[in-house]
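Quick notes on the structure that follows.
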Amino acid sequence: MKAITLLGSTGSIGTQTLDIVENNPDKFRIVGLAAGSNVEMLARQVRQFRPEIVAIGNEAKLAELKAAIADLDYRPIIVAGAQGTIEVASYGDAQSVVTGIVGCAGLLPTIAAIEAGKDIALANKETLIAGGPVVLPLVEKHGVKLLPADSEHSAIFQCLQGVPAGGLRRIILTASGGAFRDLPAEKLASVKVADALKHPNWSMGQKITIDSATLMNKGLEVIEAHYLFGLGYEHIDIVVHPQSIIHSLIEVQDTSVLAQLGWPDMRLPLLYALSWPDRIYTNWEKFDLVKAGDLTFRSPDREKYPCIGLAYAAGEAGGSMPAVLNAANEQAVALFLAEQIQFLDIPSTIERVCDKHRDDFTATPSLDDILNADRWARQMAIELNQQAVAKIF
Ligand code: NAD
Ligand code: MG
């Protein structure tokens, strides 16, 4: 029986993780749950999974949460706010913490979990992209496992089982191509939020769905792959694979290429991040090559999607730059979702914020440097769009 804590329990990753727990009650037990502000769903989850501790990120909703579970026949610890989320992340005998919070908000809770000696099932890629230079040494220091739950990185990790150290030569990340893969580049200027939220293959939270439409998600995943698997950026490639059947590939030293295949279903990488090195039997739909049909591939269009080049450049710069790229992207996506800026303002905002960071760039940032860079980049992304944003601030 593995004890797990789940951060971001009401989101896409969170609810799929709970589906796994629900269907494997003899294998997994929930110690802690943390969510942002969906009290109704969180209260339902507390009733069903009976965690020892529960956090609501939005402090204004604490009383509502307490009232919603007041009739329970046991008393979980109830906490709130950023500090409460950190408390849940580090609490009790949970062996593994699933990070399903979206954005850099996941960084401090993830660090707290690592410092408490817990293994991390990493869905929250922003944590590693912004915090890589401090997170990786902490993982080493505390001897915990950082297990990828992002589907591409899980695929790479699965392919790597049995490959000896030094055997990996190249990583090939597959990309679905996002909502606008078949739209001519000149039409991107006028796309609407609702169009960008229509992902062809995956049902996910809003932020990552917009990242998929700009291809920044793949850019972020290139940086995530660099930190997780240690390859230089010149050895990490992207290929567009519209069917999302091959979840990524590795090339080993003798040019053999290994791939992991399956239906697009996040539960598989989540389960593997929790069960590794074991393989747990599931009754999920079995994969069928004939039913999957044609698998096609093409090069990513870097002119149509400037976020790819921005991410490689920030990754290669390293240090504090990926934190700035990530924060500028988070802020630009939030402005786009609030209909304050246009779709193509997302990459142009990120580019300008990264350019401005060159003066304050730090090659070996501390946690404070990263948190400051994150705050500064968000503010700069707003300032650069001042005319549009003046309406809401
Ligand atoms: P989502 O928006 O569906 O869910 C986010 C969750 O985090 C919600 O439970 C929300 O309440 C909680 N949350 C947000 N801000 C919080 C805060 N400040 N404090 C506490 N809780 C907070 O997002 P998602 O699609 O589940 O994605 C979560 C993470 O997993 C992201 O980093 C994303 O990149 C990554 N990821 C998601 C998928 C997917 O299929 N959804 C795939 C790969 C990676
Ligand atoms: Mg992914």
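The values are calculated or read from the model by the stated rules, or taken from the named source; none is laboratory data. The model shown is predicted, which means the values in this text are computed figures rather than measured ones. For neighbour counting, all protein chains shown are included, and Cβ atoms are generated from backbone atoms with ideal geometry for every residue, glycine included. Heavy atoms of the whole protein, side chains included, go into the accessibility calculation; ligands, DNA and RNA do not. Shrake-Rupley method; radii C 1.70, N 1.55, O 1.52, S 1.80 Å.
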Q: Place a label point 7 angstrom from the Cα of Thr364 along the Cα-to-Cβ direction, then list the residues of segment 101-142 whose backbone nitrogen is under 18 Å away.
A: 131-141
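Can you divide the C-alpha Rg of the chain by 2.2 N^0.38 Å and report the result to two decimal places? Could you put the intermediate results ahead of the total?
On the way: Rg = 20.5 Å, N = 393, 2.2 N^0.38 = 21.3 Å.
Against the empirical 2.2 N^0.38 Å value, I get 0.96 for the chain.
How many Å² of accessible area per residue for segment 162-293, probe 1.4 Å?
On the way: 5940 Å² over 132 residues.
Heavy-atom SASA per residue in segment 162-293 reads 45 Å².
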Q) Counting only complete DSSP H runs, which helices of the chain cover 20 Å or more along their long axis at the Cα atoms and score a mean Kyte-Doolittle of 0.5 or above? A) 321-337
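Would you mind telling me the antiparallel percentage of the DSSP bridges in the chain, rounded to 5?
Of the beta bridges lying entirely in the chain, close to 25 percent run antiparallel.
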Q) Going highest first, how would you order 208-216, 241-249 by mean Cβ packing within 10 Å? A) 208-216, 241-249
Q. What order do you get for 69-78, 283-292 when each peptide is scored by the mean count of other beta carbon atoms within 10 Å, highest first?
A. 69-78, 283-292
Q) Can you give the charge dipole size of segment 116-197 about its Cα centre, rounded to the nearest 20 debye, using +1 on the beta carbon of Lys and Arg and -1 on the beta carbon of Asp and Glu? A) 180 debye
Q | Segment Asp237-Leu160, length gained on full extension (0.36 nm per residue, minus Cα span) | A | 26.1 nm
Q. Gap in Å between the Cα centre of segment 237-287 and the Cα centre of segment 95-165?
A. 18 Å
Q. Where nothing but the Cβ of Lys and Arg (+1) and of Asp and Glu (-1) is charged, how large is the charge dipole of the chain around its Cα centre, in debye to the nearest 20?
A. 520 debye
Q) Which number do you get for Rg(Cα) / (2.2 N^0.38 Å) in segment 33-166? A) 1.15
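Rounded to the nearest 0.05, what FRET efficiency is calculated for Leu197 and Thr255 with R0 set to 51 Å and r the Cβ-Cβ distance? Could the numbers behind the result be given before it?
Values: r = 40 Å, r/R0 = 0.78.
Step by step, r from the Cβ atoms, then E = 0.80.
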Q) When you count, for each residue, the other Cβ atoms within 10 Å and take the mean per peptide, how do 220-231, 122-133, 166-177, 316-327 rank with the highest first? A) 122-133, 316-327, 220-231, 166-177
Q.
Let me spell out the model: positive unit charges on the Cβ of Lys and Arg, negative unit charges on the Cβ of Asp and Glu, origin at the Cα centre of segment 43-158. What dipole size does that give, in debye rounded to 20?
A. 160 debye
Q | FRET efficiency estimate (nearest 0.05) - Cβ-Cβ, Asp294 to Asn372, R0 56 angstrom | A | 0.70
Q: Work out Dmax and Rg for segment 270-377 from the C-alpha atoms and quote the Rg first, both in angstrom.
A: 19.5, 54
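Give me Rg over Rh for segment 170-238, both radii from the alpha carbons and Rh done the Kirkwood way, two decimal places. Walk me through the intermediate numbers first.
Numbers: Rg = 13.4 Å, Rh = 13.0 Å.
Here Rg/Rh amounts to 1.03.
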Q: Would you calculate, for the chain, the mean residue ellipticity at 222 nm contributed by helices, counting each DSSP H stretch of 4 or more residues as -39,500 (n - 2.57) and dividing by all residues, to the nearest 500?
A: -13500 deg cm²/dmol
